[in-house]
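Visitor: Once you've had a glance at the structure underneath, I'll fire off some questions.
The values are calculated or read from the model by the stated rules, or taken from the named source; none is laboratory data. Quick caveat: nothing in here was measured; it's all calculated off a predicted structure. Glycine gets a Cβ as well: all are built from the backbone with ideal geometry, and neighbour counts include every protein chain shown.
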Amino acid sequence: MPGKDLLDQKTTRALLLRAQEGDPQARELLVRANLGLVGKVVRRFAGQGREGEDLFQIGCIGLLKAIDRFDPQRGTCFSTYAVATILGEIRRFLRDDGMLKVSRSLKETSRRVIRTRASLKMALGREPSVAEIAESLGIAVEEVVMALEAGKAPAFLQEPLAGEGEEALCWEDCLSSEKEESWLETLSLRESLRRLPAREREIIWWRFFAGYTQEEVAKQLGISQAQVSRLERNALQKLREELEA
């Protein structure tokens, strides 16, 4: 079973560049070094009615996708991106089988993350970063990412997409359905997202899927927070217009 990730960020980024250029040895080294991330995510799904080895294999598919899709130039941590991708792959697999449940421990972590996020926001006077939440709770950043995925509607999911008042349609509404289908698979928003400019689409992903603050996104993309805010506002307006058309 997986061991500890022994690669530092500099080595990881160098290997990612080589792997994405078609170097099979670099790809293999990245997989072997990051199998521990797969194991960590798989353990969160204990008792789902599937053999751990099955989920581990699915998680490895997610790891391979993360290696192929990660952009080393963005300045974010590969392990954080990989955990989110691995988690998404396993969740899709279990959802398709009608077996998706959230473990008791992950639910508790999710509650702690939501409470801590709220208290930090009050104390700091701004939205806390994922890293700040992790530090406050004494847990890994990857655990915070998983908890946000599992939790019910962090505050950023309650921002309106369309309509006003009681008629408003929120991100939470789009994310939730009886089959736990993602909002990308509802309301034909997939095509709407594809029509967004690449930078706006990227900001929407980081803000509303990865749960990053505008400040974090700005650092990752190498632009100002004001630019992130403006681009996000433009993108949301376009999506609202699509929904209301």
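Visitor: Can you spot a residue in segment 150-162 that is in a helix (DSSP H, G or I), under 15 Å from the mean Cα position of the chain (by Cα) and modelled with pLDDT of 50 or more?
Guide: The answer is yes; a qualifying residue exists.
Visitor: On to the next question. GLN220 - would you say it is at pLDDT below 80 and either aromatic (Phe, Trp, Tyr) or touching a helix residue (DSSP H, G or I) at 6+ places or on another chain (Cβ under 8 Å) (or both)?
Guide: yes
Visitor: Filter segment 1-33 down to the residues that are in a helix (DSSP H, G or I), farther than 13 Å from LEU63 by Cα and charged (D, E, K, R), then identify the one that is modelled with the highest pLDDT.
Guide: ARG18
Visitor: Please indicate, with yes or no, whether at least one residue in segment 193-214 is of a type outside the set (Asp, Glu), crowded, with 20+ Cβ neighbours inside 10 Å, modelled with pLDDT under 70 and touching a helix residue (DSSP H, G or I) at 6+ places or on another chain (Cβ under 6 Å).
Guide: yes
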